[in-house]
Amino acid sequence: MMRSSPRPALGARRRRFVLERVVEDPDGFGGMLRRFVPGPVLWGSIEPVAEAERTRLRGGRADAVATHRIILRARSGLAPAMRLSAGPRRFVIRSLAPAGPPGRDLVCRVEEVPEETP
């Protein structure tokens, strides 16, 4: 008997991501210090969408911001305030949308964060 909804290909979700949650602590001067702490490990796939139309000024030059689409198994508790990391690469979650049958996949549109140089 054939299933009505296609399953992802075997090995399609072979990229390991770490979900990083934001934690804000008071800095003692009335402000907040924001840091990200690692959370659960998620498996998904990543694909570049396109070069974004916008540019970002960094170090006196304009850099194009590359955007990607990350597909994960659907889960609760994801929010745009979080980010995903894959090795040294960091991705800020910009939007979340369900994909396919309800409760199966979640599409995250993300923006890659440039690496900080010391």
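The values are calculated or read from the model by the stated rules, or taken from the named source; none is laboratory data. On a predicted model such as this, the values are computed, not experimentally measured, just so you know. Heads up, the Cβs are rebuilt from the backbone with ideal geometry, glycines too, and the neighbour counts pull from every protein chain shown.
Data table
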item: Any hit, the stretch 50-57, residues being within 23 Å of ARG16 (Cα to Cα) and either surrounded by fewer than 16 Cβ atoms within 10 Å (Cβ to Cβ) or at pLDDT below 90 (or both); result: yes
item: Pairs, first surrounded by 12 or more Cβ atoms within 10 Å (Cβ to Cβ) in the stretch 16-38, second in a strand (DSSP E or B) and among the hydroxyl-bearing types (Ser, Thr, Tyr), C-beta under 7 Å, six or more apart; result: PHE17/SER85; VAL18/SER85; GLU20/SER85
item: Which numbered condition GLY100 fails, given (1) surrounded by 13 or more Cβ atoms within 10 Å (Cβ to Cβ); (2) closer than 15 Å to VAL18 by Cα; (3) in contact (Cβ under 8 Å) with a residue 40 or more places away in the chain; result: (2)
item: The stretch 24-38 - residue that is over 21 Å from the mean Cα position of the chain (by Cα) and not in a loop (DSSP other than H, G, I, E, B) and, of those, nearest to SER85 (Cα to Cα); result: LEU33
